[in-house]
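Right, one structure below, let's go through it.
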Amino acid sequence: MTIVTEYFGSLVQGTGVTLQLLLVGGGVALGLGLIVALLRWYGPWPLRWVMTGYIELMRGLPPILQLFILYFGLEQVGIYFSAFAAALWWLLLLGGGYAAEVFRGGLEGVEAGQKEAAAALGMGTGTILRRVILPQAMGAMLAPLTNFVVVQLKNTTLVYFIGVPDIMYHARLGVGATSRPFPLYGLAALFYIAITLVLTRAGAFLERRVRAYQ
């Protein structure tokens, strides 16, 4: 218990860093993913190819390799990032690729007949997206989008490999100093579980609200 008390404050500090990373990797990446999905689905063909290539690149490369390329590899060509900046960019790019696939699935789930009916009424593509497609797709996408944010939370644990002081970083320092892995990794697990519970409860609340609205 003494070890837990001693390192509790450090893990709280690490939680603040983890939440900052999650805000970008889970929140901002959702916006990027929506833009990528719309460009891939409705954009001109050159952009569709570019967006498809970006998605396949994010899905095809192991996450830790992407992070190492950004932080270590780009230094060789004169592009330098701090550890925190590299982690943010990595989570944003990785998350944007995966979120785009979630949005694509939701957009494709809307029946083509409804799009055709809206077009027959004289609605433009932008209006159809705002008033017909996105409102219907959102209900189906909320559960996978919540899962996406939870997965991004787990992805943040990789950033300690490049020295970003997140929850895992402080837990690992404590284990190195005390040689007592169980209490410190157990405490770190409780922090991650608490964040995950908040995320899943928030996602469930939003799902209920959307269903009530629909």
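We did not get these values from a lab; they are worked out from the coordinates using the rules stated. Being a predicted model, the structure only gives us computed values, none of them experimental. All Cβ positions, glycine included, derive from the backbone under ideal geometry; neighbour counts span all protein chains shown.
Run the dipole for segment 1-133 about the Cα centre, Lys and Arg Cβ at +1, Asp and Glu Cβ at -1, nothing else charged, and hand back the magnitude in debye, nearest 20.
In debye, rounded to 20, segment 1-133 gives about 380.
Quantify how much of the Cα-Cα distance distribution of segment 2-213 extends past 32 Å, in percent.
Value for segment 2-213 (Cα pairs over 32 Å): 29 percent.
For segment 120-214, take every pair of Cα atoms, bin their distances at 5 Å starting from 0, and report each bin as a whole percent.
For segment 120-214, the binned pair fractions read 2, 12, 15, 14, 12, 10, 9, 8, 7, 4, 3, 2, 1, 0 percent.
Specify the inter-centroid distance of segment 115-133 and segment 82-96, based on alpha-carbon positions, in whole Å.
36 Å
Among 87-95, 151-159, 128-136, 49-57, what's the highest-first ranking by average C-beta atoms within 10 angstrom per residue?
87-95, 151-159, 128-136, 49-57
Express in nm, to one decimal, how much length is gained between VAL12 and TYR42 on full extension, taking 0.36 nm for each residue of separation and deducting their alpha carbon distance.
Using 0.36 nm per residue and subtracting the Cα-Cα distance, I get 6.4 nm.
In degrees between 0 and 90, to the nearest 10, how far off the longest principal axis of the chain does helix 83-108 point, with axes built from Cα atoms?
It works out to around 30 degrees.
Please give the Cα centre distance for segment 169-214 versus segment 8-54, rounded to the nearest Å.
That distance is 20 Å.
Quickly work out the VAL151-to-GLU75 label distance, labels modelled 7 Å from Cα along the C-beta direction, and quote it in nm with one decimal.
It is 3.0 nm.
So for MET123, MET141, fewest C-beta neighbours within 10 Å to most, what's the order?
Sorted ascending by nearby Cβ count, the order is MET123, MET141.
How would you rank 21-30, 7-16, 169-178, 195-204, highest first, on the average number of other Cβ atoms within 10 Å across their residues?
Ranking, from highest mean packing down: 21-30, 169-178, 7-16, 195-204.
Using +1 at the C-beta of Lys and Arg and -1 at the C-beta of Asp and Glu, which of VAL36, LEU145, MET58 has the Cα lying farthest in the positive direction of the dipole of the chain?
Of VAL36, LEU145, MET58, it is LEU145.
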